[in-house]
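> So that we are looking at the same thing, I have put the structure below in structure tokens.
The values are calculated or read from the model by the stated rules, or taken from the named source; none is laboratory data. Predicted model, so just to flag it, every value in this text is computed and none were measured. Neighbour counts are summed over all protein chains in view; Cβ atoms, including those assigned to glycine, are modelled from backbone coordinates with ideal geometry.
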């Protein structure tokens with residue numbers, strides 16, 4: 001996420017971080033490079049100009065000149081300004097109203113509204129413990145209603161059925177009545193999109209807003225559209241009073257222009273960002289955490305929160321007990337670890353959130369991508385239970401059968417067995433002389449204060 005901007009800013013700031021003294025000359029040079037990096041990231045020109053001027057004003061002031069490490073203070077100033085541009089703090093959803101709290105989703109066609117509706121429903125169910133109903137007011141796009149119905153089942157949310165021959169206003173009025181009757185906490189309304197902004201679209205969204213009086217009106221925007229996202233959000237905000245923005249496809253956005261432009265241009269907070277295709281790939285937007293990731297400093301808090309939500313604690317505790325008793329780390333355990341990593345977004349997502357590892361995410365993706373984990377799991381699934389428990393007994397003929405069953409080559413099977421052997425040795429070392437206990441104590445000490453440490457693994 002934001003790889004291009006991260007790389008450029010990290011290189012630029014590295015040139016001043018270690019300096020004992022900052023001069024007008026190197027400040028001007030660094031600011032010029034920051035300006036270029038932001039423009040290349042497709043950040044709106046007005047945002048770039050204001051950002052650079054604010055950094056300049058602080059950099060030439062007493063704040064830096066009196067510091068013992070001015071280079072580091074300069075980096076902090078850049079971080080502070082990134083946070084300011086994206087919003088000083090996270091804005092949560094306003095749900096403290098008489099239920100059902102109506103959330104209206106708006107945006108252009110192809111921005112990911114329908115998928116985001118399901119992601120938001122799941123997030124509300126899991127994180128806020130809310131009962132959620134979903135309804136589609138899109139009577140134009142073929143199968144839009146059916147698509148939302150399927151996604152509602154996946155998110156385990158209630159679904160209010162509708163049909164293309166109904167009027168959108170009638171659909172949502174019926175949905176509100178149904179949500180009240182079923183005592184739903186939240187009603188999410190998915191609306192029709194267009195390929196471009198037109199008066200018919202704006203009139204319809206205004207009519208829906210009037211009929212619903214939603215507590216939240218969220219603009220769904222494809223983050224890869226860069227500064228165009230901010231311009232489109234501004235147009236929607238002129239039609240209906242938006243309360244926030246959800247950035248979609250943020251995991252595919254190497255530039256970051258939308259994240260750095262939307263808040264400043266519209267004055268509306270970014271509340272969530274979608275970071276993958278899976279239905280659970282939705283994150284609350286924390287400006288300070290995103291700024292940290294942009295500067296290659298990681299995002300440990302988000303990593304911990306993800307682990308708390310997505311790691312199968314029963315499997316993790318079972319493995320910990322097994323290793324502590326020096327039992328065999330077999331291929332069933334290895335497969336569990338692959339699945340746990342996949343649940344956390346894969347190796348690239350993990351590196352992106354780990355301090356100092358941001359620049360390694362691209363390099364890791366070139367050598368270790370998530371398709372490799374899918375292949376490894378397929379190989380293990382092609383083995384018999386006995387082979388998974390006693391991998392040392394897998395001979396040439398068995399390897400041939402396993403490779404054929406998993407659609408891979410014998411070399412792939414050999415590679416997996418070698419990787420398992422290496423991990424088995426590492427687990428064995430952890431059990432010697434209190435290695436596992438020492439490692440867990442170290443992880444607890446590394447956790448940020450007030451978070452209760454890392455989740456048990």
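> Assigned to a strand (DSSP E or B) and modelled with pLDDT of 75 or more, is that true of residue 260?
no
> Continuing with this model, one more query. Looking for whichever is under 22 Å from residue 338 (Cα atoms) and either at pLDDT 90 or above or outside the structural domain of residue 341 (by TED's automatic domain parsing) (or both) here; the options are 399, 418, 425. Which one fits?
The conditions single out 399.
> Please go through the stretch 81-111 and give me each residue that is crowded, with 23+ Cβ neighbours inside 10 Å and under 17 Å from the mean Cα position of the chain (by Cα), ordered by number.
Hits for the stretch 81-111 are 86, 111.
> Kindly check whether there is at least one residue in the stretch 93-110 that is assigned to a helix (DSSP H, G or I) and in contact with a helix residue (DSSP H, G or I) (Cβ under 6 Å, 6 or more places away or on another chain).
no
> Which of (1) closer than 23 Å to residue 248 by Cβ; (2) modelled with pLDDT of 70 or more; (3) surrounded by fewer than 19 Cβ atoms within 10 Å (Cβ to Cβ) does residue 36 not meet, given it meets every other one?
Evaluating residue 36 over (1) closer than 23 Å to residue 248 by Cβ; (2) modelled with pLDDT of 70 or more; (3) surrounded by fewer than 19 Cβ atoms within 10 Å (Cβ to Cβ) leaves (1) as the failure.
Every residue, every condition in (1) under 20 Å from residue 239 (Cα atoms); (2) at pLDDT below 90; (3) touching a strand residue (DSSP E or B) at 6+ places or on another chain (Cβ under 9 Å); (4) not assigned by TED's automatic domain parsing to the domain that holds residue 247, yes or no:
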{"position": "121", "(1), (2), (3), (4)": "no, no, yes, no"}
{"position": "132", "(1), (2), (3), (4)": "no, no, yes, no"}
{"position": "136", "(1), (2), (3), (4)": "no, no, yes, no"}
{"position": "163", "(1), (2), (3), (4)": "no, yes, no, no"}
{"position": "189", "(1), (2), (3), (4)": "yes, no, yes, no"}
{"position": "203", "(1), (2), (3), (4)": "yes, yes, no, no"}
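> Let me ask something else. Go through the stretch 55-71 and give me each residue that's at pLDDT 60 or above, more than 17 Å from residue 32 (Cβ to Cβ) and surrounded by fewer than 16 Cβ atoms within 10 Å (Cβ to Cβ).
Once the filter is applied, which keeps residues that are at pLDDT 60 or above, more than 17 Å from residue 32 (Cβ to Cβ) and surrounded by fewer than 16 Cβ atoms within 10 Å (Cβ to Cβ), the stretch 55-71 yields 61, 69.
> Against the conditions (1) farther than 23 Å from residue 275 by Cβ; (2) at pLDDT below 90, where does residue 159 fall short? Just the number, please.
Evaluating residue 159 over (1) farther than 23 Å from residue 275 by Cβ; (2) at pLDDT below 90 leaves (2) as the failure.
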